[in-house]
Each structure stands twice: as structure tokens, then as C-alpha cells.
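Colleague: Provided herewith is a single structure, encoded as C-alpha cells, for subsequent inquiry.
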Amino acid sequence: MKHLKSRLDESILVCVYYGLNGERLIRRGHKLATLLDCPLYILTVDSQPLDAFDAEKSGYIEQWQQLAEELQVEEFIIKDNEKRPIQKVINEIARNYEVTQIIVGQSAQSRWEEITRGSFLNVLLKEVPFVDFHIVSIKRPTEDDSYEIYEKGVRAYLITGDAQHKVAFTCPKSPSLEGIFFKEIGTDFDNGIFKFTYNNKMHELTITEGLVVDPGKIPTGAIPKVNA
């Protein structure tokens, strides 16, 4: 159930970046929002466009989206292809969503770390003076090796042919779905995963010998139909 602003008129924004502590911060924010009976928003910022994310980043985005749905947060906000300074983005989101409290994590491997240290914190406080900040001290995350079995992602295209869906690595003339293919390490075949975005949501397909294992996971309309 979504929350309306309570009599305290509070709204909470959790800022997350890639790492194992993202879920902890989100759950911390959810606990506080539950206590205050107020809206909760999640924000992540990246200078790259969403469809250029590697497997690790895509994995975190997918996990956070699922957690956001599970906890019924008001909105999971992705600011991709963002060239502005972080404090400018936070300011914009905080004003647009009438945020009163912001939660960020202090992590040695997180981009948000610079927010919690030295003069940059002063810059942020001056940029967003109308909110209260919660700086959560967290341990250095251990390396997430969930995607180590894959090579670096390459741009690929999903096409339909002979009642099957297959991966191509050159832009086809026929209708296709563009995404990123992550090949399994140590195989001569096109085995791996195909990541793509559709309707602002990240999707993942298992690929075996160049073919989609479960075509039912492809959203309707994601691959345009061939004109008759």
C-alpha cells in the first residue's frame, strides 16, 4: 500500500550506488518510512545510459527494482546518462518529491562516499539545505562475484527467425531488440545472458547456443513485427 504524507509531512529519499550495501540502505529507509508513515523514494545516479550498463550494474538495478516492488515504495528513480554533479541531481529530486530526509551510505567502494566526507558534504548541505541527512556508517562491501562467470558485455540484437529468437552481433535489417550480451567464460558457443530495457524496466534472458531458452520472458511488443 502506498503512503500518503502523514501529519508530520515527511518524505524519505534513499540514495544508492552499486554495491552490496544498497539493499541495507533501502531496508533502513523503509523501516524509518514505516515508523513515520510517510512516502519512501529510492534514487540511483549514473553517467552512463541505462542500456550501456554492464552485467553487475544491471544486476543491482534489477535487485533494487524487485525490492522496491516488494516493499511498495512510492518510486524507484533512475537518473541515467546524467552529466550534472550529484548534488544538483539530489537537489532536483528532493524538491520535485518534497523530500524532507535523505539517507546515504558511507562506503569505501561507493560513489556516494564523497557525499559523506570533507568539503563535499558542506557543498551538499548548501545545495540541499531544506532536508535532514542520515549518514549510515557501513562496512566495506565484499566483492560481488555473481557475474564473474561472464565476459565483458557486448552490444547485441535479438531477432526472430524460424519460430525461434536468436542473438545477432551486427545490426540486422529486420526488426530487432537491442541489448547487451554477456558470454559465459570458457565456452566456444554463444551461451550467456542477454540484458535489455523495455518500458523503463530491465530484463534478462538466458541464451544457449545463440537461442533464447525461454521466449515467454520476452515482453509483448519488445520486438517489432515484420510488416506484411
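The values are calculated or read from the model by the stated rules, or taken from the named source; none is laboratory data. Quick caveat: nothing in here was measured; it's all calculated off a predicted structure. Cβ sites come from the backbone with ideal geometry, for glycine too, and all protein chains shown count toward neighbours.
Colleague: So which residues in region 183-203 are surrounded by fewer than 17 Cβ atoms within 10 Å (Cβ to Cβ) and among the charged types (D, E, K, R)?
Modeller: Hits for region 183-203 are GLU184, ASP188, LYS201.
Colleague: Can you pull out the residues in region 68-87 that are surrounded by 14 or more Cβ atoms within 10 Å (Cβ to Cβ) and in a helix (DSSP H, G or I)?
Modeller: If the condition is that a residue be surrounded by 14 or more Cβ atoms within 10 Å (Cβ to Cβ) and in a helix (DSSP H, G or I), then ALA68, LEU71, ILE86, GLN87 are the ones that fit.
Colleague: Against the definition (among the β-branched types (Val, Ile, Thr), closer than 15 Å to SER58 by Cβ and under 25 Å from the mean Cα position of the chain (by Cα)), how does VAL154 come out, yes or no?
Modeller: yes
Colleague: Right, here's the next one. Identify, please: which residue in region 35-52 is in a loop (DSSP other than H, G, I, E, B) and of a type outside the set (S, T, N, Q) and is, among those, surrounded by the fewest Cβ atoms within 10 Å (Cβ to Cβ)?
Modeller: PRO49
Colleague: Moving to a separate point now. If I filter region 180-228 down to residues being of a type in the set (D, E, K, R), touching a Phe, Trp or Tyr at 6+ places or on another chain (Cβ under 9 Å) and in contact (Cβ under 8 Å) with a residue 40 or more places away in the chain, which single residue comes out as nearest to ALA168 (Cα to Cα)?
Modeller: Result: LYS195.
Colleague: Another one. Is it the case that region 72-89 has a residue that's at pLDDT below 80 and charged (D, E, K, R)?
Modeller: Checked region 72-89: no residue is at pLDDT below 80 and charged (D, E, K, R).
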